[in-house]
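For reference, the structure is listed below as structure tokens.
The values are calculated or read from the model by the stated rules, or taken from the named source; none is laboratory data. Since we're looking at a predicted model, the values are computed, not measured. Here the Cβ positions follow ideal geometry from the backbone for every residue, glycine too, while neighbour counts run over all protein chains shown. Surface accessibility is based on the protein's heavy atoms, side chains included, excluding ligands, DNA and RNA. Shrake-Rupley method; radii C 1.70, N 1.55, O 1.52, S 1.80 Å.
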Amino acid sequence: MKFSQDIAKPALNAHSLLGLVASAIMYLICLSGTVAVFHQEFERWEQPQIEETDTFSIAQLERAYRTFDRRYPEPTDHMHIVFPTSGIPRVVMENDHVAHFVYADGQLGETESSDWTKMLVDFHLYLHLPKSFGMILVSAFGALLCAFVISGLLAHPRIIKDAFRFRTGGTGLQQNIDLHNRFSVWATPFHLMMGVTGAYFGLAGVFILVISSAFYAGDRQAVVDQVFAPEPSVSHPLKTPDIGRAIEYVQANDPQGELIFLTVHEPRTEGQFIEIYVKQPERLIYSENYRFDVNGELIERVGYRDGALGSQVIYSLYRLHFGDFAGVPSKLLYFVLGMMLTAISATGINIWLAKRKSRDLLNVLWPALVWGAPTGLVFSALVGLFAQSLAVWGLWVSIVSILALSCRAIDEHLLLTRLKKALVVSIVLLVAGYLVVHGRATLSLAALQINLPLLAISGLIWLSISGQKRHPEKNKENQNVFIANENRLQ
Amino acid sequence: MPYAITLAVLTGLAGCASLYVSWKKDNTIAGWSGWLMITASVWLWVLGQGIEYGLVAGLSLPALFVWLFIVNERKVQGGKAPHKPFGSWRWQGRKVLANTGHVLFLLLVLMLASTLITVALVHYLPVSEPTQMAAGIILVPLLWGGLAVWYGMAERKRGPLISTLVGALVSGIVLFVV
């Protein structure tokens, strides 16, 4: 059996088929997911003026809870306190409808408002489609990512011979092939992790539906309760929950853990109870959970950290997928690997386009999408500075506009340069707009940790454009590919 | 172990360097040494950060380390690109229909089939229900991916299509009838 004929060629056909079906959406999912790794940093960036702290006091939280409870008496299923050790060094008091930052003395501060970050995360989770359908679709691409990995490895008979190969320049075809293959082969473990964990979030619903129909007479909650501990049934006279006592218990009995948030379930009812979520050191499980009655007496430690293996695995999928487990180092690792995966999606179609015998509208639409999507994200952030609710419109209007305008392009090389320039200009405008809107708060850590890297990225892109201008002879050869056929002009 | 992380990073780098030398000089011993060192670095990551963080870091970082050596192999190419004619799109109804069929199979049929087959399979695993579910959650995308590759590789799509549907049907019978 000749590997290349019997396996590699059909595998390459499969890989190409999958690529043509999936690449555009895969690219958007990878790009948005990579940027969303820093969703907590973006939340802070949206409101840089908020005072930040790593510490809190129980008196502060108790006062905040009582004040919030009095100010918002309308019914709500939950009240939450988000601790400054959650990954965002701010204290937040919220219910299901509104959230306030909390001052050190327990007084309620500004309302929390991070619409752009929410839009970014929703873009990744649902592609802004109706949620039930969108999440299933996005998760399906997690499964397709697994298919890409399998077919890609099978389609690569020179996987060892080419392991460190890196050609640049020329027509760009070999450069795209080498980037595509080097990025994808070496990061195979990461890609499989993303595929499997990414598939979980949307497919869990389908999975539960099948299991509940087959074994639980359609009772989906019964299936969920096998993995996630069911809520306790309690009944107490109405009173303000003793959150201080509950927090003290956790601090004394789980000193290595980091408090994420506290939830009062069914507040102002006889069945209300307190649940505290505590991140565990060196563990991927989202949290260990402690449940208390309204008097702050422990009901149970749920047991995610040492319970059933299956529950631990499933409860770890969130942190494993989003890279939110070891602070900034894990986020940086995921960002770099995520950008590689995004580049793989882009270079895959670049390769297919370059290998075609002819050119058509796809040759301009694809680079327009690749560079238009990040430009759309930046533009939406700029719009969001002045009109938060319009951020999602800013994203899609700019992407569609860039695609539409690119249809008129006759020189792909020139188009690419213009797209890159548009991205650079968008970033500069965003930072300038940010300075206008936020003034001195632009110098806060929350602002600088996003704005400086953005400016650095725009600088790198600008350098790459300038680098191309400094080598016009090389570019002229390449432009032969991209100059429009006379037939098109006629 | 206080220096475990530093040693893990250094061992991982050394492992990638050894793989590079093996590739460059066609040296089998360097190759085996490289893989051994990368395995050792994963072990050191686990020692320093626990098994969960350690495995993620140890398995992911080589993808970054190798670029120190890949950039060393950078070769700038010259050459003139061939001129390609610019064509306009033609509506090809048959191709659109075929591609729609591919999309429906890959996204919808395989989702349902892989879920049914997986649930039927894991139900018989001799482990607790949460562990069955966890195994299923991991298996579904892998089975889905495998079936998608089989479908894509087949010259005649009928085989994988029928086999997938039969597998789903049998699983459905096992789950809902038997």
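Local charge for A:K118 was computed over the other residues whose Cβ lies under 10 Å away, with Lys and Arg +1 and Asp and Glu -1, and equals -4. Classify the range A:217-327 as rounded, prolate or oblate, taking a ≥ b ≥ c as the square roots of the eigenvalues of its Cα gyration tensor: rounded when a/c is under 1.5, otherwise prolate if a/b is larger than b/c and oblate if not. Oblate. Our note on the geometry: Cα centres of the range A:308-342 and the range A:93-165, 11 Å apart. Take the Cα of A:T188, step 7 Å toward its Cβ, do the same at A:N13, and the gap between the two points is 2.3 nm. Per-residue mean of foreign Cβ neighbours for A:146-157 is 4 (Cβ atoms of other chains, 10 Å radius). Share of pairwise Cα-Cα distances greater than 25 Å in the range A:276-413 is 57 percent (whole percent). Angle of helix A:188-215 to the longest C-alpha principal axis of chain A, folded into 0 to 90 degrees and rounded to 10: 60°.
Solvent-free Debye calculation, one equal scatterer per alpha-carbon of the range A:1-146: log10 I(q)/I(0) at 0.10, 0.14, 0.15, 0.20 Å⁻¹ equals -0.53, -0.79, -0.86, -1.15. Heavy-atom accessible surface of A:C407, to the nearest 10 Å², is about 50 Å², with a 1.4 Å probe and all protein chains retained. Using a/c under 1.5 as the rounded threshold, could you call chain B rounded, prolate or oblate? The axes a ≥ b ≥ c are square roots of the C-alpha gyration tensor eigenvalues, and prolate needs a/b larger than b/c, oblate otherwise. It is oblate, given that a/c is not under 1.5 and a/b is not larger than b/c. Computed from Cα positions, the angle between helix A:391-406 and the longest principal axis of chain A comes to roughly 10 degrees. Long hydrophobic helices in chain B: the complete DSSP H runs spanning 30 Å or more by Cα along their own axis with mean Kyte-Doolittle hydropathy of at least 0.0 are B:4-25, B:28-60, B:129-153. Peptides A:288-297, A:58-67, A:352-361 ranked from most to least packed, by the mean per-residue count of other Cβ atoms within 10 Å: A:288-297, A:58-67, A:352-361.
Computed about the Cα centre, the dipole magnitude for chain B is approximately 1140 debye when only Lys and Arg (+1) and Asp and Glu (-1) carry charge, each at its Cβ. Placing dummy labels 7 Å off each Cα toward the beta-carbon, the span from B:S163 to A:A104 is 6.8 nm. With a 10 Å cut-off around each Cβ of B:49-56, the average count of Cβ atoms from other chains is 6.
Listed values for the range A:103-113 are Karplus-derived 3J(HN,Hα) couplings in whole Hz (6.51 cos²θ - 1.76 cosθ + 1.60, θ = phi - 60°), namely 6, 4, 8, x, 6, 7, x, 5, 6, 7, 8, and x replaces Gly and Pro. Dividing the Cα radius of gyration of the range A:376-446 by its Kirkwood radius returns 1.07 for Rg/Rh.
Taking label positions 7 Å along the Cα-Cβ direction at both A:K421 and A:S389, the computed distance is 3.7 nm, reported to one decimal. Computed log10 I(q)/I(0) for the protein assembly as shown at 0.05, 0.09 Å⁻¹: -0.27, -0.89, from the Debye equation with unit scatterers placed on every C-alpha and solvent omitted. For the listed peptides A:117-129, A:300-312, A:338-350, a ranking on the average number of other beta carbons within 10 Å per residue, highest first, reads A:338-350, A:117-129, A:300-312. Structural size metrics of the range A:115-213, computed from C-alpha coordinates, are Rg and Dmax of 17.6, 58 Å. Mean partner shielding of peptide A:331-341, defined as the number of other chain Cβ atoms within 10 Å of each residue Cβ, is 2.
Give me the angle, in degrees from 0 to 90, between the Cα long axis of helix A:327-355 and the longest principal axis of the Cα atoms of chain A, rounded to the nearest 10. Taking the Cα atoms of chain A, the angle to A:327-355 is about 30 degrees. Cα gyration tensor of the range B:17-99, axes a ≥ b ≥ c as square roots of the eigenvalues: rounded (a/c below 1.5), prolate (a/b > b/c) or oblate? The shape class here is oblate. Residues whose amide H falls under 5 Å from that of A:F261, counting only those 5 or more places apart or on a different chain, are A:F83, A:Y277, with hydrogens built in the peptide plane.
Candidate cross-link partners of A:K118 among the aspartates and glutamates, defined by an alpha-carbon separation under 13 Å and a same-chain spacing of 8 or more, comprise A:E41, A:E43, A:E46.
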